[in-house]
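Notes for the one structure printed next.
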Amino acid sequence: MSIVTDTSILAGRTGPSGRLSDFFWRNPRILLLLMLTPPLLWLGVIYLGSLFALLLQSFFSIDDFSGLINYEFTLATYKQLLIPSNFDIILRTVLMAALVTLASAVIAFPIAYYAARYAKGKWKVIFYLGVMLPLWSSYLVKIYAWKLILAKEGILTWFLAKLNLLWLLEAWLSLPVVGGSSLSISYTGTFIVFIYVWMPFMILPIQASLERVPGNLIEASADLGGNPAQTFRFVLFPLALPGIIAGSIFTFSLTLGDYIIPQIIGSSRLFIGQAVYAQQGTAGNIPLAAAFTVVPIVIMGLYLWMAKRQGAFDAL
Amino acid sequence: MKRLLHSCTALTLSLAFTTAAIAQEPLKELGAGEGEVSIVAWAGYIERGETDKNYDWVTEFEKKTSCKVTVKTAATSDEMVALMNEGGFDLVTASGDASLRLVAGKRVQPINTDLIPSWKTVDERLQSAPWHTVNGVHYGTPYLWGPNVLMYNTEAFKGEAPKSWKVVFEEMTLPDGKSNKGRVQAYDGPIHIADAAQYLMAHKPELGIKSPYELNEDQYKAALDLLRVQRTLVGRYWHDAMIQIDDFKNEGVVASGSWPFQVNLMQAEKQPIASTFPEEGVTGWSDTTMLHAESQHPNCAYMWMEHSLSAKVQGDAAAWFGAVPSVPAACKGNALLTDEGCKANGFDNFDKIAFWRTPVSKCESQGECVPYHRWVSDYIGVIGGR
């Protein structure tokens, strides 16, 4: 009897560390609190805090006369976003992001499909390397390289001249919006470079989602008389959609925020990121810069909300 | 909310600056060097022989003073202001459109010219220049100055220098028989509005523009209209000197406002490039080495300012950047600049240059002018095609 009491109720451990360990064992919530406080503080103060400070700035305005910031709540700065030259910037950026996303999805899908279904063993490794390799080299080097490729006296022009296809390039460049005096000074150039730079972010999620599509579903579709187009339309595409949406979140948000590519390649017309940089760094107009920053946040919020409804996050 | 923001700012500032003395009085005497000095500078301003071993004015300074020099290059005046606001640097080579902003923002401190023996060798035209002297107090030592020249391709212009800035502002047929559309460039900084205003000063005297940096609403509107015409001619605006060089070489650009730096680099590569001072005059920059208000290494910084005014450094740096030295003695007997260098880069044209200033709303010539932040947003609109 005495032996049982001895072993079932252990005496408290002695020493500070032993007592501390007992304390945490009895009060697991305190331990959890202690563990979570530093990261939550980081997230709350550094991340959300700075975001909040930024949002707050956008409700102030700049005094037109002195150029000083007027610390009174106003929506005047947001109204400025709607004046034509600023609204153009927003429209231009969103349109570019949407087109880049769409085109990336169309190009990435067959590549991802091949990688998920047909590439085996060594080829799969080579494929992964091929997709990831561009991400290893500097972003700036790639953009400058593209500037040389797309320049008026660049590689692409030379290549097209050899093929006697210069008329095609010239016809394209004479089009009103997408054209310009050369590919590297046109929206077409900006578009091409955006697609190149963000492509891996589209391929990898699509590939991941395609790998989860069971092969027998596709066989079943064929057995039931579905032709390849129907199989794609009713089986493969809906099942891969979450991956496409996940990839599109990357390409869309990265294009929305980028300010380096449109500065080096393109016609000098500003994108949102450049406008933020110019208003904040050059003009000292922090309220307007902050209001510009809110635009992609709102757009991405809506986008993520729609993506969630489509089940893009189910596989996370 | 304003109060909250203010107290947060005050708290951050007091935390950050408790160690730094409030240094609004200039230094009284020089002590020993602190072992290092950090400088925010334009690309090509502080060379240690890494690009070309003949152009090195850092190594000797480091040997002499044992102050290790670190350089942070900036591409625009606005970047310089941003970097100085961030802090952590000792010196900055600020242009006139940044220097007064730095003084007004109390980011730089007055300097004691008695501690800089070479001060008296500085060009008299620059000693009390309004872009670094406020109420008789000097906020730095002049470093280099130069014009924004019209750079052109000699093949497209058949060897004849364009006489007017018209080639970059209005559509016309160039001597090679083709239109200038898509073959000219302009600077993508809002300060370029001043170039348009200067062009209008000569061609539309009825507007009554006295200074290209002081524009009332009507004059400003006329300048923007001119720039809208320019937008139809310009494929891409230039921002980075190296990208402009690339555009002249690979994109078929034949004329643009530019710096002697690009001209000299391309001429060194035997490209068919030359530059000229058009009849309307030019805008220009004049840079000042300024000392940060919370500099951690003021002694080394003063030593650098003294070093930067020596005739040898001035001549070498001017030769490298295609600028004009602030010390006239540098114009003679410098092997790199040569005796013709000063004249070629614009030494005698000082009076024809409208030096960069920050446009402010309270201006001298007409009471009320369009301030700089509107230049910024409107220039964005012009580039965007509005």
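Quick note: the coordinates plus some simple rules give every number you see, no bench work behind them. Given the structure is predicted, the values throughout are model-derived calculations rather than measurements. Backbone-built Cβ (ideal geometry, glycine too); neighbour counts: all protein chains shown.
Using just the alpha carbons, could you tell me how many Å³ per residue the convex hull of the stretch A:14-70 encloses?
Details: hull volume 5.4 nm³, N = 57.
It comes to 95 Å³ per residue, whole-number rounded.
Between A:L304 and A:A161, how high is the FRET efficiency from 1/(1 + (r/R0)^6) when r is the Cβ-Cβ distance and R₀ = 35 Å? Nearest 0.05. Please report the intermediate quantities before stating the final value.
Working: r = 46 Å, r/R0 = 1.31.
The calculated FRET efficiency here is 0.15.
What translational diffusion coefficient, in µm²/s and rounded to a whole number, does the Stokes-Einstein relation yield for chain A at 37 °C and a viscosity of 0.692 mPa s, taking the hydrodynamic radius as the Kirkwood radius over Cα pairs? Don't skip to the end; give the middle numbers.
Details: Rh = 24.2 Å.
After rounding, the answer is 135 µm²/s.
Hey, what angle do you get for helix A:121-136 against the long axis of chain A, alpha-carbon based, 0 to 90 degrees rounded to 10?
80
Which order do B:R107, A:R269 fall in if you start with the one that has the fewest other Cβ atoms within 10 Å?
Details: B:R107 23, A:R269 19.
Neighbour counts put them in this order, fewest first: A:R269, B:R107.
Along the principal axes of its C-alpha atoms, what lengths does the stretch B:174-319 span, in descending order and rounded to whole Å?
So the three principal-axis extents are 55, 43, 25 Å.
How far apart, in nanometres, would the label points at B:N54 and A:Y114 be if each is projected 7 angstrom from Cα along the Cα-to-Cβ direction?
Going from the B:N54 label point to the A:Y114 one covers 5.3 nm.
For the stretch A:82-309, what is the relative contact order in percent, using Cα pairs closer than 8 Å and at least 6 residues apart in sequence?
Working: 235 pairs, mean separation 60.5, N = 228.
RCO, the stretch A:82-309: 27 percent.
Within 10 Å of each candidate Cβ there may be at most 16 other Cβ atoms; applying that plus a DSSP loop requirement, which trypsin sites (Lys or Arg not before Pro) in the stretch B:327-367 survive? Working shown, then result.
Numbers: sites: B:K332, B:K343, B:K352, B:R357, B:K362; in loops: B:K332, B:R357.
Taking the stretch B:327-367 and a limit of 16 other Cβ atoms within 10 Å, the loop trypsin sites (Lys or Arg not before Pro) found are B:K332.
So how do B:M303, B:M80, B:M290, B:M172 line up by other beta-carbon neighbours within 10 Å, fewest first?
Working: B:M303 22, B:M80 28, B:M290 32, B:M172 13.
Fewest-to-most ranking of B:M303, B:M80, B:M290, B:M172: B:M172, B:M303, B:M80, B:M290.
From the backbone phi of the stretch B:132-149, what are the Karplus-calculated ³J(HN,Hα) couplings (6.51 cos²θ - 1.76 cosθ + 1.60, θ = phi - 60°) in whole Hz, Gly and Pro given as x?
9, 10, 10, 6, x, 9, 8, 10, x, 10, x, 10, 9, 9, x, x, 8, 7
Could you give the DSSP H helices of chain B that reach 24 angstrom or more along their long axis (alpha carbon positions) and whose average Kyte-Doolittle hydropathy is no lower than -1.0? The partial results should precede the final answer.
Values: long enough: B:217-233 (25 Å, -0.55).
Sorted by number, the helices that extend far enough and score high enough are B:217-233.
How many angstrom lie between the C-alpha centres of the stretch A:220-262 and the stretch B:94-146?
About 61 Å separates the Cα centre of the stretch A:220-262 from the one of the stretch B:94-146.
Give me the inter-chain shielding for A:265-275: mean count of other chain Cβ atoms within 10 Å, whole number please.
Working: counts 1, 2, 8, 12, 7, 5, 0, 0, 0, 3, 3.
Rounded to a whole number, the mean comes out at 4.
Between the helical axis of A:16-26 and the dominant principal axis of chain A, each derived from Cα atoms, what acute angle in degrees is found, rounded to the nearest 10?
80
Hey, got the dipole for the protein assembly as shown? About the Cα centre, +1 on K and R Cβ, -1 on D and E Cβ, debye to the nearest 20? Walk me through the intermediate numbers first.
On the way: 55 positive and 61 negative charges, 462 e Å.
That gives a dipole near 2220 debye.
Could you state the angle between the C-alpha long axis of helix A:237-257 and the longest principal axis of the C-alpha atoms of chain A, as a value from 0 to 90 degrees rounded to the nearest 10?
80
Where Rh denotes the Kirkwood radius from the mean inverse Cα pair distance, what is Rg over Rh for the stretch A:201-316?
Details: Rg = 19.9 Å, Rh = 16.8 Å.
We get a ratio of 1.18 for the stretch A:201-316.
Divide, for chain B, the radius of gyration over alpha carbons by 2.2 N^0.38 Å, where N is the residue count.
Values: Rg = 21.4 Å, N = 386, 2.2 N^0.38 = 21.2 Å.
Computed over Cα atoms of chain B, the ratio equals 1.01.
Among A:L41, A:L304, A:L91, whose mean-square fluctuation peaks in a Gaussian network model of chain A (Cα, cutoff 10 Å)?
Residue with maximal mean-square fluctuation among A:L41, A:L304, A:L91: A:L41.
How would A:M199, B:M84 line up from fewest to most surrounding beta-carbon atoms within 10 angstrom?
A:M199, B:M84
How well do other chains shield peptide A:151-157, expressed as the mean number of their Cβ atoms within 10 Å of each residue Cβ?
Details: counts 6, 7, 4, 2, 0, 0, 1.
Other-chain Cβ atoms within 10 Å of each residue's Cβ, averaged: 3.
Amide H of A:I62 versus every other amide H placed in the peptide plane: which residues, excluding those fewer than 5 positions away on the same chain, fall under 5 Å?
Here the answer is A:N70, since their amide H atoms fall under 5 Å of that of A:I62.
State, as an integer percentage, the relative contact order of chain B based on alpha-carbon contacts under 8 Å between residues 6 or more apart.
Working: 700 pairs, mean separation 97.6, N = 386.
Relative contact order here is 25 percent.
With θ set to phi - 60° and the Karplus curve 6.51 cos²θ - 1.76 cosθ + 1.60, what are the ³J(HN,Hα) couplings of the stretch B:51-58 in order, to the nearest whole Hz, using x for Gly and Pro?
Here the 3J(HN,Hα) series is 7, 8, 5, 6, 9, 8, 10, 10 Hz.
What per residue convex hull volume, in Å³, comes out for the stretch B:219-268 when only alpha-carbon positions are used? Walk me through the intermediate numbers first.
On the way: hull volume 4.4 nm³, N = 50.
Per residue, the Cα convex hull of the stretch B:219-268 comes to 88 Å³.
Can you give the average number of partner chain beta-carbon atoms within 10 Å of each beta-carbon in peptide A:78-85, as a whole number? Could you put the intermediate results ahead of the total?
Details: counts 0, 0, 1, 0, 0, 3, 4, 10.
Mean shielding count: 2.
Quick check: pseudo-label points 7 Å beyond the Cα along Cα→Cβ at B:E160 and B:K64, how many nm apart are they?
5.0
Based on the alpha-carbon gyration tensor of the protein assembly as shown and its eigenvalue square roots a ≥ b ≥ c, which shape applies: rounded if a/c is under 1.5, prolate if not and a/b is larger than b/c, or oblate?
Working: a/c = 1.93, a/b = 1.28, b/c = 1.51.
Cα axes put the protein assembly as shown in the oblate bin.
Between A:A76 and A:L91, 0.36 nm times their residue separation minus their Cα-Cα distance comes to what? Mind showing how you got there, number by number?
Working: separation 15, 0.36 × 15 = 5.40 nm, distance 1.98 nm.
Additional length available on full extension: 3.4 nm.
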